[in-house]
Amino acid sequence: MKKFITFTLPLILLSCTKVIELDIQTGSRKYVIQGEITNQAPPYIIDISTNAPLGDKSAAEQIKNALVIISDNTGVIDTLFNLNNGKYQTNKIIGKEGLVYTLKVNINDTIYTAMSMMPTIVPMDSLVINKAVGFREDFMNIVPSYQDVEGETITTVSRLIEVIHSLSKTSYSPMN
């Protein structure tokens, strides 16, 4: 048996290999604009950079010369302060539920815009503790429960799917 292992082990380790070359499209650099306005205290930061295309060994470049303006539907207009590291900081905007925010970014005379509404916070109704059977040991799941505007309690993603299907009057069969 020892001779068999001694003989076959080198064969396995030295078996044929084939190098596969993939023709991967690298793409071009794109601007990445990310940030958020929350109901927490300002300031809020918008980060502007470029992506690093696949196969490109250089790092993402921080954009330091953009003009960034955020406004809301109450008339507040905030020209963000350039922190000179690709980050731009708010001066006037305060995040509030129900307001609509518009972002305008000017980079080299190209304007990028986005609009979003901050939704109303749905308070947590309760916590449900479920005992679950695991592969090696049992464990507990803690699941928050929220009461939506229509009065339907949604506790899990599968329950959310059931609610959506009942509202759209389509057939639904749970997977579990």
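The values are calculated or read from the model by the stated rules, or taken from the named source; none is laboratory data. Note that the coordinates shown come from a computational prediction; the quantities given were computed from them, not determined experimentally. Here the Cβ positions follow ideal geometry from the backbone for every residue, glycine too, while neighbour counts run over all protein chains shown.
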- Query: Is it the case that segment 26-38 has a residue that's touching a Leu at 6+ places or on another chain (Cβ under 6 Å), of a type in the set (A, V, I, L, M, F, W, C), within 27 Å of residue 100 (Cα to Cα) and in a strand (DSSP E or B)?
  - Reply: no
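Does residue 133 meet the test of being touching a strand residue (DSSP E or B) at 6+ places or on another chain (Cβ under 9 Å) and at pLDDT below 85?
Numbers: touching a strand residue (DSSP E or B) at 6+ places or on another chain (Cβ under 9 Å): yes; at pLDDT below 85: yes.
So residue 133 passes the test.
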- Only unsatisfied item for residue 102, checking (1) part of a loop (DSSP other than H, G, I, E, B); (2) over 15 Å from residue 29 (Cα atoms), is (1)
- Can you run down the residue pairs with Cβ atoms below 9 Å, 6 or more apart or on separate chains, where the first is in segment 38-66 and touching a residue at least 12 places away in the same chain (Cβ under 8 Å) and the partner is outside any loop (DSSP other than H, G, I, E, B) and surrounded by fewer than 12 Cβ atoms within 10 Å (Cβ to Cβ)? 46/34; 47/34; 48/34; 49/34
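Residues are listed down the side, and each one gets a yes or a no for (1) more than 30 Å from residue 122 (Cβ to Cβ); (2) at pLDDT 95 or above; (3) of a type in the set (Phe, Trp, Tyr):
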| residue | (1), (2), (3) |
| --- | --- |
| 20 | yes, no, no |
| 26 | yes, no, no |
| 35 | no, no, no |
| 39 | no, no, no |
| 56 | yes, no, no |
| 66 | yes, yes, no |
| 69 | yes, yes, no |
| 84 | yes, no, no |
| 87 | yes, yes, no |
- Checked segment 86-140 for anything within 21 Å of the chain's Cα centre (by Cα) and acidic (Asp, Glu); matches are 97
- So which residues in segment 105-137 are free of Cβ contacts under 8 Å to residues at least 12 places away in the same chain, assigned to a strand (DSSP E or B) and acidic (Asp, Glu)? none
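Please work out which residue is farthest from residue 41 (Cα to Cα), limiting yourself to segment 77-132 and to residues that are among the β-branched types (Val, Ile, Thr) and surrounded by 14 or more Cβ atoms within 10 Å (Cβ to Cβ). Please lay out each step first, then the result.
First pass over segment 77-132, keeping only residues among the β-branched types (Val, Ile, Thr): 77, 79, 90, 93-94, 100, 102, 105, 107, 110-111, 113, 120-122, 128-129.
Next, only the ones that are surrounded by 14 or more Cβ atoms within 10 Å (Cβ to Cβ) stay: 79, 90, 93-94, 102, 105, 107.
Working: 79: 18, 90: 11, 93: 10, 94: 7, 102: 19, 105: 23, 107: 28 Å.
So, considering only residues that are among the β-branched types (Val, Ile, Thr) and surrounded by 14 or more Cβ atoms within 10 Å (Cβ to Cβ), the one farthest from residue 41 (Cα to Cα) is 107.
Restricting attention to segment 53-94, which residues are aliphatic (A, V, I, L, M) and either assigned to a loop (DSSP other than H, G, I, E, B) or touching a helix residue (DSSP H, G or I) at 6+ places or on another chain (Cβ under 6 Å) (or both)? Spell out the reasoning first.
Start the filter on segment 53-94 by keeping residues that are aliphatic (A, V, I, L, M), which leaves 54, 59-60, 63, 66-70, 76-77, 80, 83, 93-94.
Residues satisfying the conditions are 54, 59, 60, 63, 66, 76, 80, 83, 93, 94.
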- Could you say whether any residue in segment 149-162 is at pLDDT 75 or above and of a type in the set (Lys, Arg)? no
